[in-house]
Amino acid sequence: MVAGAFPIAKLLTLGARQLSRPLAARIKAGARASPFFRAYICLPPAQLYHWVEMRAKMRIMGFRGAAVKPLNEEAAAELGAELLGEAIVFGVGGLCIYLEYARQAGQARRREEEQAAALREMAAGLERMRAELDELKAAASGGGGAEVSSAHGPAPGSAHGPTPGAAHGPAPGPAH
């Protein structure tokens, strides 16, 4: 089992995570250069992040009503590009975790289905064996119509079940 259990999926997720870093760097460079990315993708999250960060710092220091000045466009574009890159790396990592969880859940489900099928097969085999045992007991007792069911267990008063011939009545005694 060890030779067949090489974790190819784990290797692929590690590769995807490693490739996401250079991909994030390229996207960051493109975001800095493109006016559309700068204006609509990088600047709004950067300004929001800056506003939340500064409000939290000011509350910790005890300033309540101070207004937060927005970042200049260059600093906001840089911060937005960094946030975008980190979001991409985080997203790829989260996707890898989700895919690994789904793979493990699928394996567990298949394993449970296989175990349930094996259990059903064993139960069917047990029922066949019980039927064969009942037939053998009926044949051994002479086929006189007295079938012994294993579902009822051994006959009362006997340790091992019915004795052959007991189903035909009492044994004849000595003649006087």
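What tally of residues in the range 4-24 results from selecting those that are open to solvent by 50 Å² or more (accessible area, probe 1.4 Å) and under 19 Å from residue 79 (Cβ atoms)?
Within the range 4-24, the first condition is being open to solvent by 50 Å² or more (accessible area, probe 1.4 Å), and the residues that meet it are 4-8, 10-12, 14, 17-19, 21-23.
Filter again for under 19 Å from residue 79 (Cβ atoms), leaving 21.
Adding up the residues that qualify gives 1.
Among the residues of the range 55-96, write down those that are assigned to a loop (DSSP other than H, G, I, E, B) and either at pLDDT 90 or above or closer than 19 Å to residue 25 by Cα (or both).
69, 70, 71, 72
Evaluate the range 136-150: report whether one residue or more is farther than 30 Å from residue 22 by Cβ, open to solvent by 90 Å² or more (accessible area, probe 1.4 Å) and either out of contact with any helix residue (DSSP H, G or I) (no Cβ under 9 Å at 6 or more places or on another chain) or at pLDDT 90 or above (or both). Quick ask: steps written out before the conclusion?
Step one: filter the range 136-150 for residues farther than 30 Å from residue 22 by Cβ, giving 136-150.
Next, from what is left, pick out any that are open to solvent by 90 Å² or more (accessible area, probe 1.4 Å): 136, 147.
With either out of contact with any helix residue (DSSP H, G or I) (no Cβ under 9 Å at 6 or more places or on another chain) or at pLDDT 90 or above (or both) added as a condition, the list becomes 136.
For the range 136-150, residues farther than 30 Å from residue 22 by Cβ, open to solvent by 90 Å² or more (accessible area, probe 1.4 Å) and either out of contact with any helix residue (DSSP H, G or I) (no Cβ under 9 Å at 6 or more places or on another chain) or at pLDDT 90 or above (or both): present.
Within the range 30-54, can you find the residues that are open to solvent by 70 Å² or more (accessible area, probe 1.4 Å) and charged (D, E, K, R)? Steps first, answer last, please.
Just the residues of the range 30-54 that are open to solvent by 70 Å² or more (accessible area, probe 1.4 Å), to begin with: 32-33, 35-37, 40, 48-49, 51-52.
Hit for the range 30-54 is 32, nothing else.
Those residues that are of a type in the set (Val, Ile, Thr) and open to solvent by 70 Å² or more (accessible area, probe 1.4 Å), I need them from the range 60-88; list them, please. Talk me through it step by step, then tell me what you get.
Quick first cut of the range 60-88, residues of a type in the set (Val, Ile, Thr) only: 60, 68, 88.
Correct list: 60 only.
Of all residues in the range 27-45, which are modelled with pLDDT of 85 or more and closer than 26 Å to residue 96 by Cα?
41, 42, 45
Any residue in the range 97-125 that is under 20 Å from residue 13 (Cα atoms) and at pLDDT below 95 sitting within a Cβ distance under 6 Å of a residue that is open to solvent by less than 50 Å² (accessible area, probe 1.4 Å) and of a type outside the set (Phe, Trp, Tyr)? List the pairs, counting only those 6 or more apart or interchain.
Taking only residues 6 or more apart or on different chains, the pairs are 103/9.
The values are calculated or read from the model by the stated rules, or taken from the named source; none is laboratory data. Fair warning: this is a prediction, and the values are worked out from it, not measured in the lab. Because the Cβ atoms are built from the backbone with ideal geometry, glycine has one as well, and the counts that use them run over all protein chains shown. Calculation scope for accessible area: heavy atoms of the full protein, side chains included, ligands and nucleic acids excluded. Shrake-Rupley method; radii C 1.70, N 1.55, O 1.52, S 1.80 Å.
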